[in-house]
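Everything below concerns the one structure shown next.
Rule-based calculations on the coordinates, nothing more; no lab input. All of these numbers come straight from a predicted model, not from anything done at the bench. Quick reminder, even Gly has a Cβ in these numbers, built from the backbone with ideal geometry, and neighbours come from all protein chains shown.
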Amino acid sequence: MRAIIQRVSEAKVEVDNDITGEIKKGFLVLIGVEDADTEEDCDYLVRKITNMRIFEDADQKMNLSLKDVGGDLLSISQFTLHANTKKGNRPSFVDAAKPDFANELYEQFNEKVRSEGINVETGVFGAHMNVTLTNDGPVTIALDSKNK
């Protein structure tokens, strides 16, 4: 599984002009699933993301986690994180998981983050989404569960 974490002061996602998820301070997380991913990959991302210390403390050092600051998480499924761009100019998405499996692991991710006491807002799996965010910092971190 792959994740792009963006520390945000606000973010929202719209589907057909309806807001399906909206947060203030927290993380916007783009999640990509491939067929080889397992629940272990999901658990790894949940643990890393919920405990990642990239919020500033009183000394302006990145030392606080999403849990520490009471932040929210906006979770967006994004199969394009598994784009293969090695050949040509048109990305290949053969490494991205089939929709049913991808949605299953994506929903597991969201539920496991919620079980950590974090509010999770979401987009709509498989829909065309418009995501708006204010990246705070900017701070953007890429994670891949295959590169532990």
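Conditions tested, residue by residue: (1) farther than 19 Å from VAL124 by Cβ; (2) in contact with a Leu (Cβ under 8 Å, 6 or more places away or on another chain); (3) not small (Gly, Ala, Ser).
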{"residue": "THR20", "(1), (2), (3)": "no, no, yes"}
{"residue": "VAL29", "(1), (2), (3)": "no, yes, yes"}
{"residue": "THR50", "(1), (2), (3)": "yes, yes, yes"}
{"residue": "GLN60", "(1), (2), (3)": "yes, no, yes"}
{"residue": "LYS67", "(1), (2), (3)": "yes, no, yes"}
{"residue": "ASN84", "(1), (2), (3)": "yes, no, yes"}
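Taking region 118-148 as the range and being free of Cβ contacts under 8 Å to residues at least 60 places away in the same chain and among the β-branched types (Val, Ile, Thr) as the test, only VAL120 passes.
Considering region 46-76, the residues that are under 15 Å from the mean Cα position of the chain (by Cα) and over 16 Å from ARG7 (Cβ atoms) include one that is surrounded by the most Cβ atoms within 10 Å (Cβ to Cβ), namely VAL46. None of ALA97, ALA142, ALA127 is surrounded by 15 or more Cβ atoms within 10 Å (Cβ to Cβ) and of a type in the set (Gly, Ala, Ser) except ALA97.
None of GLY137, GLY123 is farther than 16 Å from ARG2 by Cα, small (Gly, Ala, Ser) and more than 13 Å from the chain's Cα centre (by Cα) except GLY137.
Of all residue pairs spaced 6 or more apart or on separate chains, those with beta-carbon atoms under 7 Å, a first member in region 98-117 that is farther than 21 Å from LYS67 by Cβ and a second member that is assigned to a helix (DSSP H, G or I) are ALA102/PHE79; LEU105/CYS42. Counting the residues of region 77-90 that are surrounded by 14 or more Cβ atoms within 10 Å (Cβ to Cβ) and out of contact with any Phe, Trp or Tyr (no Cβ under 9 Å at 6 or more places or on another chain) gives 2.
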